[in-house]
Amino acid sequence: MSERRALAARTAQAIAALEARGVHAFVDYSPQEPDAQTPSPQGGGALKGETVALKDNICDLTFRTTCGSRILEGWRSPFEATAVRRLREAGALIAGKTNCDEFAMGSSTEFSCYGPTRHPLDATRAPGGSSGGSAAAVAAGAVSLALGSETGGSVRQPAAFCGVVGIKPTYGRVSRYGLVAFGSSLDQIGTFGRDVAGAARLLAVISGRDPLDATTLDRDPLPPPGSAPASLAGTVIGIPREYYGEGLHPGVAAAMRRATDRLRGLGAELRDVSLPHTRYAVPAYYVLAPAEASSNLARYDGVRYGRRVPGDEPDVRSLYRATRGSGFGPEVRRRIILGTYVLSAGFHDAYYAKAQRARERIRADFATVFGAGVHALFTPTTPTPAFKLGERLADPVAMYLSDIYVCTANLAEVPALSLPIGRDEGLPIGGQLIGPLEGEAAIVRIAQAMEPVVGATEEVR
């Protein structure tokens, strides 16, 4: 126990130092001994000695779970997420809860009732979102690993911005029990690590079937990652042309050229491929995700739990209006309104049904490419490096487009991974590997081979 208490004390000091810098990655942590009351399992466990931060929309019994929202201010969960229970069983020390966009709706961690998280390398820039607090905490070294959540790229995009590794598993590979719902057919718990092996080891621990979540796959947990291969001979990597068009930042383009050259040097075969329905991904996502959010967030009504604000009139509608109007922030209100609109009787077929058809075609594109012998796809993670705080708040469409390369994997339910592949003027750039359904092992193996040679901290221009 003394070893664990020492680790807890060091972690608390590291978090306090990070917060003193104004990064604001954490929204709840113990200033002295986070999680020190929880003993390590006999024999240590697969994550003994690892410190793990949790995004503020993942339930646990130690810290508050507020989803970055005033409507859940001060709320403590009466139960624990399956992923968190598995972390504790594996010996991990839970360090605290990290800042996020309210209810995971955002791409910059600016839509939090606690205020924005700042990029750990440049305080004027956003760390990405919605899991920006988790990415910043790992990038700054306050914790070794972190959990985030993905609905449309919210692990991989901040991982790319902050220069760490982020993994989104196949839908159903990790239990969603205890993850506060945003878009239930898209939501995933994902992992952050300083390197590929760390993020993959964390994913292995939390993966596997769960009787508490009917959407989990009936599969055993993933095996821990092996050693990095010295060669990728015999591996076919597709380069989808739709991800390299207009709007790609010159620094990102340069990093991708260098990374593909180094993939060739490892012996991989690079193949030009097409995913023709990619252009529909962002509009389809921003119909489907808000539609599901409008339904999932209906439970926050001031009656059952969370914030309650009496209305101007003695009726339930007035209570709903007052509670939800003061409890939800502008982005959440925007998406609820949009989601309710596309599900309404007059517009369901024109928008929601059409978006579902687009999703099926995006899935089919991936199935076609992987069915033709491609083992993984390699794309940019984001079209630009980290943008400045406040730069896109007045233009929601510009903010949404930062997810243009990542939301396809959520729509298709396939696994994807972002790893750092270089820097442009000091800002990290991420490259993305996308695998077939249940293809986590393949993309982890390729990323491990790339990691030593890709030049993650080297300038590309």
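The table that follows gives values for the structure above.
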| read-out | value |
| --- | --- |
| Selection count, the range 368-379, where residues are in contact with a helix residue (DSSP H, G or I) (Cβ under 8 Å, 6 or more places away or on another chain) and either small (G, A, S) or farther than 14 Å from T278 by Cβ (or both) | 3 |
| In the range 216-249, the residues that are over 30 Å from R86 (Cβ atoms), acidic (D, E) and in contact with a Lys or Arg (Cβ under 9 Å, 6 or more places away or on another chain) | E242 |
| Of all residues making up the range 153-199, the number that are among the hydroxyl-bearing types (S, T, Y) and under 22 Å from E360 (Cα atoms) | 5 |
| Per-region count, the range 78-96, residues under 22 Å from S207 (Cβ atoms) and open to solvent by less than 30 Å² (accessible area, probe 1.4 Å) | 11 |
| Filter pass, T216 being over 22 Å from L377 (Cα atoms), over 16 Å from the mean Cα position of the chain (by Cα) and crowded, with 19+ Cβ neighbours inside 10 Å | yes |
| Subset of the range 366-403 [part of a helix (DSSP H, G or I) and either polar (S, T, N, Q) or open to solvent by 20 Å² or more (accessible area, probe 1.4 Å) (or both)] | A367, T368, F370, G371, P396, V397, A398, Y400, L401, S402 |
| Checklist (1) out of contact with any strand residue (DSSP E or B) (no Cβ under 7 Å at 6 or more places or on another chain); (2) within 25 Å of A386 (Cβ to Cβ); (3) open to solvent by 10 Å² or more (accessible area, probe 1.4 Å); (4) at pLDDT 95 or above applied to Y280, failing item | (2) |
| Test: residue in the range 55-64 that is modelled with pLDDT of 95 or more, aliphatic (A, V, I, L, M) and in contact with a strand residue (DSSP E or B) (Cβ under 7 Å, 6 or more places away or on another chain) | yes |
| Enumeration of residues in the range 181-200 that are under 17 Å from A146 (Cα atoms), touching a helix residue (DSSP H, G or I) at 6+ places or on another chain (Cβ under 7 Å) and part of a loop (DSSP other than H, G, I, E, B) | R194 |
| Residue that is least open to solvent (accessible area, probe 1.4 Å) [pool: residues in the range 243-271 that are outside any helix (DSSP H, G or I) and under 20 Å from G163 (Cα atoms)] | L248 |
| Single residue of the range 328-365 satisfying the filter (among the small types (G, A, S) and within 24 Å of the chain's Cα centre (by Cα)) that is surrounded by the fewest Cβ atoms within 10 Å (Cβ to Cβ) | A364 |
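The values are calculated or read from the model by the stated rules, or taken from the named source; none is laboratory data. Small disclaimer: the values here were computed from a predicted structure and weren't measured. Counting neighbours? That spans all protein chains shown, and the Cβs are built from the backbone with ideal geometry, glycine included. SASA here: full protein model, heavy atoms, side chains in, ligands and nucleic acids out. Shrake-Rupley method; radii C 1.70, N 1.55, O 1.52, S 1.80 Å.
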